[in-house]
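The values are calculated or read from the model by the stated rules, or taken from the named source; none is laboratory data. Keep in mind that this is a model prediction, so the values were computed, not measured. Here Cβ is always computed from backbone atoms with ideal geometry, including for glycine, and neighbour counts include all displayed protein chains. We work out accessible area using only protein heavy atoms, side chains counted, and drop any ligands, DNA or RNA first. Shrake-Rupley method; radii C 1.70, N 1.55, O 1.52, S 1.80 Å.
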Amino acid sequence: MIGIRMDEDDVVVGVEIPTEGNSVVTVSEKGFGKRTSVSEYRLQSRGGKGIINLKTVPRVGNVSGILQVTGDEDIMLISDTGNIIRVKVESVPLIHRSTQGVKLIDLEPEERLVGMARAEREEEKEEDGIDLPEEITEEPYNHSSFWRG
């Protein structure tokens, strides 16, 4: 059974089951990326040729990853030299399906973006610090009474 018909030099970089209301983040090997609404992708039958998702010109490079996202998470971008950055999904521009995208990560000329991973959003921490009980029953610890030299 043929899932998709590909040209000889084509490769599959990811597979997602589309969910209405979500979007797809696409990144290229030269650090470009974009977010596109799932509704912009038409259905394909088995054995189809696919749909253009990112214009792969020399300045942008080939697609290196895709992820379906809700917008409430972060993504990690990983280069072949081990550089990793964390990006909030909502900061990735929501643009049309067949565009080149925008620069998401600055890479050295010989460096390539090789992976992308979903990361759950960390809870924002209060600036005040640790929550203390309302009533403290013990005397505060005195460092000077412990250390006698």
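Quick rundown of the values:
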item: Enumeration of residues in region 45-95 that are of a type in the set (S, T, N, Q), open to solvent by less than 80 Å² (accessible area, probe 1.4 Å) and closer than 18 Å to Arg35 by Cα; result: Asn53, Thr56, Ser64, Gln68, Ser91
item: Test for Gly21: is it closer than 22 Å to Glu120 by Cβ and assigned to a loop (DSSP other than H, G, I, E, B); result: yes
item: Residue tally, condition among the acidic types (Asp, Glu) and modelled with pLDDT of 90 or more, over region 9-41; result: 3
item: Test for Glu8: is it open to solvent by 20 Å² or more (accessible area, probe 1.4 Å) and within 14 Å of Ile95 (Cβ to Cβ); result: no
item: Qualifying residue in region 124-138 (condition: touching an Asp or Glu at 6+ places or on another chain (Cβ under 6 Å) and at pLDDT below 95); result: no
item: Criterion violated by Glu29 - all others in (1) within 15 Å of the chain's Cα centre (by Cα); (2) over 27 Å from Asp7 (Cα atoms); (3) surrounded by 13 or more Cβ atoms within 10 Å (Cβ to Cβ) satisfied; result: (2)
item: Selection count where residues are modelled with pLDDT under 90 and more than 16 Å from the chain's Cα centre (by Cα), scope region 58-88; result: 0
item: Residue among Ser23, Ser98, Ser37 that alone is among the small types (Gly, Ala, Ser), surrounded by 12 or more Cβ atoms within 10 Å (Cβ to Cβ), in contact (Cβ under 8 Å) with a residue 60 or more places away in the chain and closer than 28 Å to Gly3 by Cα; result: Ser23
item: Meets criteria (modelled with pLDDT of 90 or more and within 21 Å of Gly14 (Cβ to Cβ)) for Ile51; result: no
